[in-house]
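Presented below is the structure to which this report refers.
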Amino acid sequence: MAKLKVAVVGCGGIATGKHLPSLAKLTNDVELVAFCDIIIERAQEAAKKYGVEGAKVCADYMEIANDPAIDVVHVCTPNRSHSEISCACLYGGKHVMCEKPMAKTPAEAKKMLDAAKESGKMLTIGYQTRQYTSSRTLKSAIDRGDLGDIYFAKAHALRRRAVPTWGVFLNEYEQGGGPLIDIGTHALDLTLWLMNNYEPYCVTGSTYRELADTKNAANAWGPWDPEKFTVEDSAFGFIKMKNGATIVLESSWALNMTDTAEACTTLCGTKAGATTKGGLVVNGEENGQLYSKKYEQMGGVAFYDAAVDTPEALEAYQWIQAVKNGTKPTVLPEQAYVVTQILDAIYESAKTGKTVYFD
C-alpha cells in the first residue's frame, strides 16, 4: 500500500512536541506533505524539519481541507478551532486525528461526530494516556474480569504548581477552561475507558480561582500573569453513572498539596481494586489474605521496526494502522464526545450551583 499523505494544522508545541516526532518514526507508512499555521514561520520550520521535499506550507487550513492529495490531517490548534477545522477536513475527504479535548463544547463535538458519519471518514482524538504500559496492562486485566464490576473510581489530574504559562492555556476564549479541560480530560478519558462505562446520569461540579490572582507565584514554568489567567486554577466533579457507579474527578494546575498525580486513575471493583497512581498496583483478597501487587515499570511493546514504544508514538502508530486497514482506532469519537459532555456539565454545575442531569 502507498504511504499515507499526512498534513498537520497547527505547528505549535503540541505538534512539534508530540505529533510530528511520532509521525516521523512511521517512515514505512506516512509522508508528511503539508504544514499549516497562522504564524507561517512555524509552518515553514516544521516543514523544513519533518516534511518531504516540496511540502506544502500555508496559513489557511482550507488549503489543507481542499487538497485531494492529502489523506490524513492532524489538528493541533487551540480548542476553540478543533471542531471547525476537523469538520472541514472530514468533509474534504480526510481522516482526522484531533488533539484532545474533542472540542470546547458538546455542540461543537457533536458537529464533529456528524461530519465523520456523513463523510464516511475516520475521526479520533489524542488521548495518548491509554497507551501507557500501565493503562494497557490494567485494561487487559479488567477485560478478563479480574476486578469484577467497577463501582467507584477517582480520576487524578493534580499539580501543585505547574501552570502552563505559554501559548493560550490561560485564555478561556481559546481553550474553554483551565486544568479541567486540559489535564482533567486525560484522567477522565482513561477512567471511562478502563471502566467501559459511557452513560453518565448526573454531574455535580465545583471550580476555583483561589491562586490564579497571585502575583509572582512560585510555579514550575515561572510566575503566571494574573491578568491573563482567565480560567479556573482547579476543578472537581462528582459523576454518577446510570448503572450506579461513581467517579470523582480532581484537577488542578495550582493547589496547595503535595500528594499530586496526573493522568492516572484509581478503580474499585467487586473482586479487586487498582491504581495507576505512582505505577500500577492491584489489590485484592486471596486465600483469606489481603494482597497488593505492584507491577514493574516496563517499556512499550515493539510493534514496529523503528522501536515505537512511547505512548505518543504508539498512539500515532495505532491510528495510522487503523486508517490503512479500515479498523477502529483506540479512541472512538463517540467516547471522546461523552468526555466533553461530562467536562461541560462540571463547568455548568459550578456556574449554576445545581446538579446537571443527562437525558
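Below are the figures for this structure:
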| read-out | value |
| --- | --- |
| Residue in the stretch 140-160 that is least open to solvent (accessible area, probe 1.4 Å), counting only those that are farther than 16 Å from Ile342 by Cα and in contact with a helix residue (DSSP H, G or I) (Cβ under 8 Å, 6 or more places away or on another chain) | Leu147 |
| Filter pass, Glu31 being farther than 10 Å from Val9 by Cβ, open to solvent by 80 Å² or more (accessible area, probe 1.4 Å) and not aromatic (Phe, Trp, Tyr) | no |
| The stretch 262-284 residues that are on the phi > 0 side of the Ramachandran plot, paired with ones that are crowded, with 19+ Cβ neighbours inside 10 Å and aromatic (Phe, Trp, Tyr) (beta carbon under 9 Å, 6 or more apart) | Ala263/Tyr132 |
| Single residue of Lys111, Lys154, Lys121 found to be outside any helix (DSSP H, G or I) and more than 20 Å from Ile239 (Cβ to Cβ) | Lys121 |
| Selection count, the stretch 60-108, where residues are of a type in the set (Lys, Arg) and outside any loop (DSSP other than H, G, I, E, B) | 1 |
| Subset of the stretch 35-45 [of a type in the set (A, V, I, L, M, F, W, C) and surrounded by fewer than 24 Cβ atoms within 10 Å (Cβ to Cβ)] | Ile38, Ile39, Ile40 |
| Number of positions in the stretch 184-214 that are of a type in the set (D, E, K, R) and more than 22 Å from Tyr173 (Cα to Cα) | 2 |
| Only listed residue being under 25 Å from Cys98 (Cα atoms), of a type in the set (Gly, Ala, Ser) and open to solvent by 50 Å² or more (accessible area, probe 1.4 Å), chosen from Gly126, Gly177, Gly120 | Gly120 |
| Condition broken by Gln128, with the remaining ones in (1) farther than 20 Å from Leu280 by Cβ; (2) under 14 Å from the mean Cα position of the chain (by Cα) satisfied | (1) |
| Filter pass, Asn219 being surrounded by fewer than 20 Cβ atoms within 10 Å (Cβ to Cβ), touching a strand residue (DSSP E or B) at 6+ places or on another chain (Cβ under 6 Å) and either without any contact (Cβ under 8 Å) to a residue 60 or more places away in the chain or of a type in the set (Ser, Thr, Tyr) (or both) | yes |
| Residue within the stretch 188-210 that is more than 22 Å from the chain's Cα centre (by Cα), free of Cβ contacts under 8 Å to residues at least 60 places away in the same chain and at positive phi present | no |
| Failed item in (1) open to solvent by less than 10 Å² (accessible area, probe 1.4 Å); (2) touching a Lys or Arg at 6+ places or on another chain (Cβ under 7 Å); (3) not aromatic (Phe, Trp, Tyr), with Ala69 passing the rest | (1) |
| Selected residue (only one of Lys94, Lys48 is of a type in the set (Lys, Arg) and open to solvent by 10 Å² or more (accessible area, probe 1.4 Å)) | Lys48 |
| Cross-chain or 6+ apart pairs with Cβ under 7 Å, the stretch 135-157 first and of a type in the set (Lys, Arg), then open to solvent by less than 10 Å² (accessible area, probe 1.4 Å) and assigned to a strand (DSSP E or B) | Lys154/Thr265 |
| Subset of the stretch 1-41 [more than 23 Å from the chain's Cα centre (by Cα) and either part of a helix (DSSP H, G or I) or touching a residue at least 60 places away in the same chain (Cβ under 8 Å) (or both)] | Met1, Leu4, Lys5, Thr27, Asn28, Asp29, Ile40, Glu41 |
| Enumeration of residues in the stretch 218-265 that are among the acidic types (Asp, Glu) and in a loop (DSSP other than H, G, I, E, B) | Asp225, Glu227, Glu232, Asp233, Asp259 |
| Of all residues in the stretch 187-208 being touching a Phe, Trp or Tyr at 6+ places or on another chain (Cβ under 8 Å) and buried (at least 24 other Cβ atoms within 10 Å of the Cβ), the one that is nearest to Ile39 (Cα to Cα) | Asp189 |
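The values are calculated or read from the model by the stated rules, or taken from the named source; none is laboratory data. Computed from a predicted model, the values in this text were never measured in an experiment. Positions of Cβ are generated from backbone atoms using ideal geometry, with glycine treated the same way; all protein chains shown enter the neighbour counts. Surface accessibility is based on the protein's heavy atoms, side chains included, excluding ligands, DNA and RNA. Shrake-Rupley method; radii C 1.70, N 1.55, O 1.52, S 1.80 Å.
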